[in-house]
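Below is one structure; the comments refer to it alone.
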Amino acid sequence: MHFSGCLCALLVALVYQVSGMDTVIGLYGETIEVPCNNGAPKPKDLFMTKWKYDDGDLLTQLKDQDVSVIATDKYKDRVSMAENSSLLIAAATLKDEKTFTCMVVAGADISEYPVKLLIHKAPTGVEITALATELEIGKPTQLGQCSTSDANPAASITWFKNKKPLVADGKGIIISSKVKVDEVTGLTTTSSILQYTAEKGDTAALFTCGALNTLSSPVSFSVTYPTERISLHVISKGPLMEGANVTLKCKADGNPPPTSFNFHILGKVVKVENSDSYTVTDVTRESTGEYKCSIIDNAKMEDSKNITINYLDMSLSPSGKVMKSFGEGLALTLQTHASGELKVSWTKDNGKLDSRPTFDKLTYSDSGKYEVVVTMGPLIKKASFELVVEGVPVIRRVAKRRGEDGQHKVLTCEAEGSPKPTVAWSVNGTSADESPYVNGKITHKLTIVPTVNLTVVCTVSNELGQDTRTINVSTYSSDEGDTTKLVVGVIVGLLLATVVVGLAYWLYMKKSKQGSWKTGEKEDGSTEESKKLEEKIEEKLEENSQKVEV
């Protein structure tokens, strides 16, 4: 009784203090912490802490004692007190949206700290239903309904096109929303209907809707609109040339596009159903012209293209293997016919020629394989012929020279001919050397050691004929000593012979004159005899000169 009286006297002496109201937002279904005095530290002279709400007390704790749960209703098993005196409410629902008060008794003061609790819940998901099958340009159409459920407070839905929000304008974009509350949980379901007037550019547009940070899956629609124009496209694997296949493709800008077309092929109309293409096979130069395509039910809606089929004709004369004789002429004819500008190039034995070859007078160097290449853009034509110039072999030169050792003689025989001539000498040598056979020319060298003066014969031959030439070859001693003596002797002999002949002539002339004086012969006869004598002298001199050998 004494303690009770003291407690009553104490309570009468306490001063009540009520602070302003705080607000705490908790998540639906989670444990919520409601702070006492906004989480301030406990006073040092704390005597008691108690939590209560409008319908009664929840729990209390005296200094240095355990927490006592006073609640007997739905909070009996859901409330507790944290170490810092905060109220903990487990499994929060919308019915927990109340004002909870923390009463603190410290010393002679009683303070109350009311806290308003709000429960929020994010929507469980966002989806678009009742989708339109297609959108028609210029026609308002209900695109779909966006819904989100189990939210608190009620979710606000936003529509997006290509990630950009749509704003209702009452004309092309009309948005209507409604909210429904669940009678049991108190959670809301929000639905929003979009009425949209499509444009041509909406064919590939992606539409979505969202609430808070949640977006629906994107959806797209087939936008229908009539065809306004068509275009004709020419498809070919490579250049348009003779023998190729050309595909004509007619494209329309309507959606859905037409499925049947009329193709106008050089004045002939071909109807194609369930396809937008037509292939012209194995085209020729006669296929060049204007091509069209049009819609079957609207012939005025058409497009056309002028198509040129490229062609290149070429003929070369002669062709194949051509056999000609040395010195003959050869007429070369190249004829071309093409749809464009040409480039012509010539090669001989794979080597480029600067100009077109001419063959007025054939030589052995003209032999070879000739090829002409005619191009017009990507088109290429080639032709070739092989020219073989034949002729009887002819020796152009024979020569001799002394070897490096002074003992040998090197004989050279140069010849031309085709087919390749065979070279033969009338003597055997110590070594023979033959040059490569190029342009009908061949050079053959023979090394010999002459022991006597020789006349050597070089013979060249092929299947068409042969030619021979001789060359005089002296021994080494004759070349060094005897040759000098012979030259001196011949010169002295020739001088003596000349003196003798001259003296004889003088005596003869003298005698002739004396005879004419005696007999009275005419001077004409003696003159003829003088001429005959002069001719004999000249023959003698010529014979002597021929006997000279160096």
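The values are calculated or read from the model by the stated rules, or taken from the named source; none is laboratory data. This one's a predicted model, so the numbers in the text were calculated from it and none came from an experiment. In this analysis, Cβ positions are derived from the backbone assuming ideal geometry, glycine residues included, and neighbour counts consider all displayed protein chains. Note: areas computed on protein heavy atoms with side chains; ligands, DNA, RNA excluded. Shrake-Rupley method; radii C 1.70, N 1.55, O 1.52, S 1.80 Å.
Taken along the Cα-to-beta-carbon direction at a fixed 7 Å, the label points for Asn439 and Ala383 span 2.8 nm.
Can you give me the % of accessible surface on the range 155-236 that is carbon or sulfur? Probe 1.4 Å, all protein chains present, nothing else counted. Numbers along the way, then the final one.
Working: 2620 of 4800 Å².
Summing carbon and sulfur atoms, their accessible area is 55 percent of the total for the range 155-236.
Distance between the pseudo-spin-label points of Val184 and Lys164 (7 Å out from Cα toward the beta carbon): 4.5 nm. The length gained by stretching the chain between Leu496 and Glu33 to full extension, at 0.36 nm per residue less their Cα-Cα distance, is 150.8 nm. Heavy-atom accessible surface of Lys321, to the nearest 10 Å², is about 140 Å², with a 1.4 Å probe and all protein chains retained.
Counting only protein heavy atoms and using a 1.4 Å probe, the accessible area of Thr124 comes to about 90 Å².
In the structure shown, the pairs Lys237/Lys271; Lys52/Lys74; Lys50/Lys121; Lys400/Lys445; Lys42/Lys74 are assessed against 18 Å; a Cα-Cα span above that value is assigned to Lys237/Lys271; Lys50/Lys121; Lys42/Lys74.
If I take R0 = 25 Å and measure r between the Cβ atoms of Arg229 and Ser176 in this structure, what FRET efficiency does the formula 1/(1 + (r/R0)^6) give, to the nearest 0.05? Working from the Cβ atoms, E equals 0.10. Note on Ser277: accessible area approximately 40 square angstrom, rounded to 10, probe 1.4 Å, nucleic acids and ligands left out. Across the protein chains, with a 1.4 Å probe defining accessible surface, the residues Trp425, Trp346 rank Trp425, Trp346 from largest area downward. Computed from backbone phi with θ = phi - 60° and the Karplus coefficients 6.51, -1.76 and 1.60, the 3J(HN,Hα) list for the range 432-443 is 10, 9, 10, 6, x, 8, 10, 6, x, 9, 8, 10 Hz; x is used for glycine and proline. Annotation: peptides 40-47, 262-269, 458-465, ranked by per-residue average of other Cβ atoms within 10 Å with the highest first, follow the order 458-465, 262-269, 40-47. Put Val34, Val67, Val398 in order of accessible area, highest first, and with a 1.4 Å probe you get Val67, Val398, Val34. A crude spin-label estimate for the pair Thr447 and Thr336, with each label 7 Å from Cα along the Cβ direction, gives 5.5 nm.
Sorting Met301, Met103 by accessible area puts them as Met301, Met103; the probe is 1.4 Å, largest comes first, and only protein heavy atoms count.
When ligands, DNA and RNA are left out and all protein chains stay put, how many square angstrom of accessible area per residue does the range 274-323 have with a 1.4 Å probe?
Values: 2900 Å² over 50 residues.
Heavy-atom SASA per residue in the range 274-323 reads 58 Å².
Extension gain, Lys348 to Ala122, is 72.6 nm, computed as 0.36 nm per intervening residue step minus the present C-alpha separation.
Taking 0.36 nm per residue of separation and subtracting the Cα-Cα distance, what length does fully extending Val67 through Thr99 add? Working shown, then result.
Working: separation 32, 0.36 × 32 = 11.52 nm, distance 2.09 nm.
Result for the pair: 9.4 nm of gain on full extension.
Compute the FRET efficiency between Asn472 and Asp360 as 1/(1 + (r/R0)^6), taking r as their Cβ-Cβ distance and R0 = 56 Å, and round to the nearest 0.05. Please report the intermediate quantities before stating the final value.
On the way: r = 40 Å, r/R0 = 0.71.
About 0.90, to the nearest 0.05.
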